[in-house]
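The values are calculated or read from the model by the stated rules, or taken from the named source; none is laboratory data. It should be emphasised that the depicted structure is a prediction, and the values quoted were computed from it without experimental measurement. Cβ coordinates were reconstructed from backbone atoms using ideal geometry, including for glycine residues, and neighbour counts include every protein chain displayed. Areas reflect the complete protein model, heavy atoms only, side chains present, ligands, DNA and RNA absent. Shrake-Rupley method; radii C 1.70, N 1.55, O 1.52, S 1.80 Å.
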Amino acid sequence: MEREDDPLARRRRARPREVILVGGGHAHVQVLKALAMRPLPDARLTVVVDRPVAVYSGMVPGYVAGQYAAHELEIDVVPLARRAGARVVLAAATRVDAAARRLYVDGRAPLSYDLASFDIGSVVAGTDLPGVREHALPTRPIVQFVDRVDEVAARAERAEGRFRVVVVGGGAGGVEVAFTLRERLRAIETRRGLALEVTLVFDGDHVLAGSAEAMVHKVEAAARRVGITLCPRRRVVAAEADRVVLRATDRDGDAQEKHEELPCDALLWVTGAAAQGVFTASGLPTDRRGFVRVRSTLQVEGHDELLAAGDCASLIDHPWVPKAGVYAVRQGPYLTEALRRLLDGRRPRVYQPQRDFLALLNLGDGSAIGAKWGRAFEGRWVMRLKDWIDRRFMVKFQVLAPDGTLQDDEFPPMAEMDALCGGCAAKVGQSVLERALERAEHLDLDGDPDPDVDSESADGQRDDLVLGLGQADDAAAFRTPRGDVVVQSVDSFRAFTDDPWLVGRVAAVNAASDLLATGAAPRHALALVTLPEALDDAEAEETLAQILAGMRAGLRPLGAVLLGGHTTTGAELQVGLSIDGLPFTRDDPAGANDLLTLDGGRPGDVLLLTKPLGTGVILHADMAGRARGPWLEACIAAMLRTNADAAQTAAAHGARAATDITGFGLLGHCGELARRSGTTAVVSLGAVPALPGALELLARGERSTFHAQNARARRGVHVDPVLDHTGDARPALALLADPQTSGGLLIAVDAARADAALAAIRAGGDPEAAHIGHLAPLRDDGAPLAVVA
């Protein structure tokens, strides 16, 4: 029976509500900023985004014109979410089961929620027309547009004589793209002597339908001034590689029968917003265009626990509201308050959209056109005003600079992370493990020294033992009475993130690497899970289900099966697996049971590393909100990539020895392979690949909690004195000691076959695999590892 004053019992009764924000749009970034300043009480926040970086649409035309660098219009959602105390899931939401309150996410187990909010933006309408997807550059999703808009300038650089640009869409977006792209291409036009033509095609009588007449006149006058051709009352019916097919419309908008063709070398598609498919797929109420219907409280019609804001939503009471970023920005504070009120059991306040707003259009030449209350104005001062407004908005949400340094902002500082890192950065030190194993060989069951135990045969030298304590390899192996070799390994670590599905999947990939490094294919696995004792039954069930689903997702590509497992409770989440498998099938039946062992390397062998290093420092920085979203995205992708193809390829190319790089870092694992092989590993520091952001973080002094133990191994390592006195080399040297979670393989291959092996490993899915050094005869000083420039 629980005592009333038992803090654990109180915590179990106060289960936090699950709140999910889907998307990193203009409204949600404001919610995250507000929750960083004042968190939601008794709630656990999760942010689900398909890409870690959101783009502020208001500054995209300036980027097209070359006025802004890409990083100036980006909002990195990950460090912003960390400051709000949020878990981050980097995947696309696919549908909602509103009855079960579950959000389905691409490639992983669904997430449960008590409240969920959507701010996922929109896509461009009309891309299903013939040829449009193949030949046009759509402006939405806006992140992809920013990534690809430079392609147009590159195409202009290659053009001969004439370059014809067609922009389809006469709204504010189409107008700005036409003007700013025209400005972007002017320098190329002048330098190469091109005849540049820009045509704006739209199906209305004039541009900016529904805008102030004074603003329309100014835009049309500006188009005539810079030579942009306006092509009204035309509807695109198809796109081809070098032209668009048009059909004229009358004043009522009805299309005529006759077709026209407009030659073009670049086609940009800015035809207004279309809904993403998640709401239709979920059976939620939508308008005729597929946008989810929301009441004025921003709650989805018929589903009070679901909210939506920005372009993805259609206001039932205000269907006239256009798909413009200004409305998403205004909805942010309402949405934040709505979440708070709903968690308190209160009805949200009503959002009242403004009828008029300050409209500002960037012309790309340092000037802009604006309108408010029916009046229009133009000039450089208007662009300065727009720039001031945009930058003032962005500085509120840009937590980290492009190099990952903290920017001056209004956020309260995050508490320093005193907790130990998770993953393979939470291991017992290598020297501690070696000493413990050595002592265990000399102790009997009572803990007293056993004089009858011979350290040379501590494992009993059983006839069925292939790899055991005596060999201290990546995995153990034994021979069955039928003569088959079975390889086994067990691996477990403290959770490195608050996403149990991700922890489970990485744990499976990581545990399987021990078998793969030994030259065996995983077949069966048992789960070993310690759940936090503070969880109530419902939380424990959900956490365990997510972990096991993640494990199965990690094992499935390997052809391995999760058979069951063992669970217990403890102070924190720990996850592991026991895995068995069989040696790879070889072309030579006589070598069918040959394993890759640490002692197989020979002087002259080339050392190949299949994955870049840096997971330890990036995960540690992410815990404190100091890792950029793209860095974390690359880190997670590396951890989820199995070593199966690399291991099979290495074996096929005659690899002599291999090990996986995990908690002891490259220093420890490479040194152990060389020591067991009786050689010295010579590693070229400049050849060691690093994950994006790892060297920047190490240069600023960021270190995983296990880093110091690994760094002690440098005492037995020879480092070229030039490197120790070169400031630029220090982060790269530190990288060698960074503990890896689900790292790559280090493979020793005969030099004659190394190039072919490396090319095959890269082609098999590890494009950053590298030749990092070679094995040499043991140095006179006995150092197992030598680091050179």
For segment 214-236, which residues satisfy the criterion of being open to solvent by 40 Å² or more (accessible area, probe 1.4 Å) and part of a strand (DSSP E or B)?
-> Thr229, Leu230, Arg234, Arg235
Residue list for segment 517-539, filter: hydrophobic (A, V, I, L, M, F, W, C), open to solvent by less than 30 Å² (accessible area, probe 1.4 Å) and part of a loop (DSSP other than H, G, I, E, B) = Ala534
Of all residues in segment 293-337, which are modelled with pLDDT of 95 or more, of a type in the set (Val, Ile, Thr) and under 27 Å from the mean Cα position of the chain (by Cα)?
-> Thr336
Within segment 271-291, how many residues turn out to be open to solvent by 20 Å² or more (accessible area, probe 1.4 Å), outside any strand (DSSP E or B) and among the hydrophobic types (A, V, I, L, M, F, W, C)?
-> 2
Complete set of residues in segment 185-213 that are open to solvent by 50 Å² or more (accessible area, probe 1.4 Å) and of a type in the set (Asp, Glu) = Glu197, Asp203, Asp205, Glu213
For residues that are among the hydrophobic types (A, V, I, L, M, F, W, C) and open to solvent by 10 Å² or more (accessible area, probe 1.4 Å), scanning just segment 479-516, find the one that is modelled with the lowest pLDDT.
-> Val486
Check segment 107-120 and report whether any residue there is buried (at least 21 other Cβ atoms within 10 Å of the Cβ) and under 20 Å from Arg626 (Cβ atoms).
-> no
Restricting attention to segment 216-238, and to residues there that are hydrophobic (A, V, I, L, M, F, W, C) and in contact with a Lys or Arg (Cβ under 9 Å, 6 or more places away or on another chain), which single residue is farthest from Lys323 (Cα to Cα)?
-> Val226
Provide a single number: the residues in segment 693-715 that are within 20 Å of Pro402 (Cα to Cα) and buried (at least 18 other Cβ atoms within 10 Å of the Cβ).
-> 8
Could you look through segment 676-692, keep only residues that are part of a strand (DSSP E or B) and open to solvent by 20 Å² or more (accessible area, probe 1.4 Å), and pick out the one that is nearest to Ala634 (Cα to Cα)?
-> Ala690
State the number of residues belonging to segment 551-572 that are assigned to a strand (DSSP E or B), open to solvent by 70 Å² or more (accessible area, probe 1.4 Å) and farther than 19 Å from Asp499 by Cα.
-> 3
Any idea how many residues of segment 156-177 are among the acidic types (Asp, Glu) and buried (at least 24 other Cβ atoms within 10 Å of the Cβ)?
-> 1
In segment 292-329, the residues that are within 16 Å of Gly25 (Cα to Cα), in a loop (DSSP other than H, G, I, E, B) and open to solvent by less than 10 Å² (accessible area, probe 1.4 Å) = Leu298, Ala309
Does Arg182 satisfy the condition of being crowded, with 21+ Cβ neighbours inside 10 Å and either in contact with a strand residue (DSSP E or B) (Cβ under 7 Å, 6 or more places away or on another chain) or not in a helix (DSSP H, G or I) (or both)?
-> yes
Which of the residues spanning segment 237-246 are among the charged types (D, E, K, R) and in a strand (DSSP E or B)?
-> Glu240, Arg243
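Results for (1) open to solvent by 10 Å² or more (accessible area, probe 1.4 Å); (2) over 17 Å from Gly764 (Cβ atoms); (3) in a helix (DSSP H, G or I); (4) of a type outside the set (Ser, Thr, Tyr), shown as yes or no for each residue.
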residue	(1), (2), (3), (4)
Arg602	yes, yes, no, yes
Arg626	yes, yes, no, yes
Ala634	yes, yes, yes, yes
Ala637	yes, no, yes, yes
Thr649	yes, no, yes, no
Ala658	no, no, no, yes
Given (1) without any contact (Cβ under 8 Å) to a residue 40 or more places away in the chain; (2) surrounded by fewer than 18 Cβ atoms within 10 Å (Cβ to Cβ); (3) outside any loop (DSSP other than H, G, I, E, B), where does Pro333 come up short, assuming only one miss?
-> (1)
Is one or more of the residues making up segment 126-133 in a strand (DSSP E or B) and in contact with a helix residue (DSSP H, G or I) (Cβ under 7 Å, 6 or more places away or on another chain)?
-> no
Whichever residue in segment 515-565 is in contact with a helix residue (DSSP H, G or I) (Cβ under 8 Å, 6 or more places away or on another chain) and among the polar types (S, T, N, Q) and, among such residues, is nearest to Thr585 (Cα to Cα) | Gln546
